[in-house]
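Take a look at the structure below.
The values are calculated or read from the model by the stated rules, or taken from the named source; none is laboratory data. A quick note: this is a predicted structure, and the numbers were derived from the prediction, not measured. Note that we place each Cβ from the backbone using ideal geometry, even for glycine, and neighbour counts take in every protein chain shown.
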Amino acid sequence: MRIHAIQTGQVAVKKSQQQGGRGDGPIGLINTLLDSDWTEPLPIYAWVIEHPEGLIVIDTGETARTAEPGYFPGWHPYYRWGARMFVEPEEEIGPQMEQSGLPAGEVRWLVLTHLHTDHAGGLAHFPQAQILVSGTEYEQASGFPGRLRGYLPNRWPGWFQPHLVDFQPDPVGPFPESYPLTQAGDLCLVPTPGHSPGHLSVILQDHGLSYFFAGDVSYTEQTLLDQVVDGVSLDRQTAQQSLARTLEYVQAQPTIYLPSHDPAAAERLTAQQHVIHA
Ligand SMILES: [Zn+2]
């Protein structure tokens with residue numbers, strides 16, 4: 001199976017969002033926003049899997065429309081103080097897939113790890129795909145309460161009507177629930193809440209190797225190994241549990257760990273480099 005890393009531009013966030021914040025819940029978030037240190041621009045990855053059952057896309061990256069004045073709500077503290085996007089039109093996922101000979105119109109399944117703007121920003125390219133998102137995430141992201149939480153439901157395409165994932169009590173390693181996507185049983189979704197309330201991850205098994213598409217479970221492989229809760233997770237305990245389960249998984253299986261904003265993720269994919277742990 002071929003797996004492609006598609007980088008849809010870059011995002012800079014506060015260092016304490018990436019490396020772990022100070023304080024619990026909203027206090028931690030406020031401390032992150034007040035942090036004066038920015039990360040370097042980080043990649044925004046989406047992933048395309050050429051699976052025998054059809055093209056599978058994980059996340060959609062960000063849109064170049066973010067450069068339009070007023071695209072982000074200026075009244076929202078996170079958009080005012082927390083993040084900067086750098087996306088050119090040709091960096092959107094649609095044009096990049098077209099260029100690679102994998103037209104977005106041919107995608108069978110689009111799985112969203114969560115609905116933050118830099119994962120859902122490219123939705124407009126996928127009107128034909130079956131889109132999967134966790135029910136919790138969709139509910140938390142919708143409507144004005146969703147906008148207060150930092151989601152942009154007002155930017156979703158009018159046709160956006162995702163299939164809401166209902167996790168089954170089928171354990172996958174340390175994850176007590178899962179949702180099988182392919183007939184072959186080689187690709188499943190697992191709940192990894194914390195960074196956002198309905199965050200999920202995708203596990204693909206191919207030739208004895210696991211590919212763990214982690215979304216924002218951690219920002220880098222190192223912060224997974226160090227079990228660092230990021231500086232925007234409101235529910236630290238839940239985030240900690242997802243980090244612990246993910247670490248347990250990658251320690252038990254040879255795994256290539258692919259978070260969305262790890263500058264080294266695409267190289268690890270190319271080099272087929274497993275998580276190395278002590
Ligand atoms: Zn996120």
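Of note:
- Tally of residues being part of a loop (DSSP other than H, G, I, E, B) and either touching a residue at least 24 places away in the same chain (Cβ under 8 Å) or in contact with a helix residue (DSSP H, G or I) (Cβ under 6 Å, 6 or more places away or on another chain) (or both) across segment 223-277: 20
- Given (1) at pLDDT 95 or above; (2) assigned to a helix (DSSP H, G or I); (3) aliphatic (A, V, I, L, M), number of the condition LEU29 does not satisfy: (1)
- Subset tally (residues that are outside any helix (DSSP H, G or I) and either within 16 Å of the ligand (Cβ to nearest atom) or surrounded by 24 or more Cβ atoms within 10 Å (Cβ to Cβ) (or both)) for segment 102-113: 4
- GLY150 vs. criteria modelled with pLDDT under 95, within 22 Å of LEU29 (Cβ to Cβ) and among the small types (Gly, Ala, Ser): yes
- Condition met for GLY122 (modelled with pLDDT of 95 or more, under 30 Å from GLU53 (Cα atoms) and surrounded by fewer than 23 Cβ atoms within 10 Å (Cβ to Cβ)): no
- Hey, ALA214 of a type in the set (A, V, I, L, M) and not in a strand (DSSP E or B) or not: no
- When residues in segment 146-172 are screened for being touching a residue at least 60 places away in the same chain (Cβ under 8 Å) and among the small types (Gly, Ala, Ser), 1 of them pass.
- Of the listed requirements (1) in contact with a helix residue (DSSP H, G or I) (Cβ under 7 Å, 6 or more places away or on another chain); (2) at pLDDT below 95; (3) surrounded by fewer than 19 Cβ atoms within 10 Å (Cβ to Cβ); (4) not basic (Lys, Arg), GLY21 misses just one: (3).
- A count restricted to segment 211-235 and to residues that are buried (at least 18 other Cβ atoms within 10 Å of the Cβ) and within 16 Å of the ligand (Cβ to nearest atom) stands at 16.
- Of all the residues in segment 182-202, those that are within 25 Å of GLU50 (Cα to Cα) and surrounded by fewer than 23 Cβ atoms within 10 Å (Cβ to Cβ) number 7.
- Positions within segment 23-34 being under 23 Å from ASP226 (Cβ atoms) and touching a residue at least 60 places away in the same chain (Cβ under 8 Å), in sequence order: ASP24, GLY25, GLY28, LEU29, ASN31, THR32
- Residues in segment 105-145 that are without any contact (Cβ under 8 Å) to a residue 40 or more places away in the chain and in contact with a His (Cβ under 7 Å, 6 or more places away or on another chain): GLN130, ILE131.
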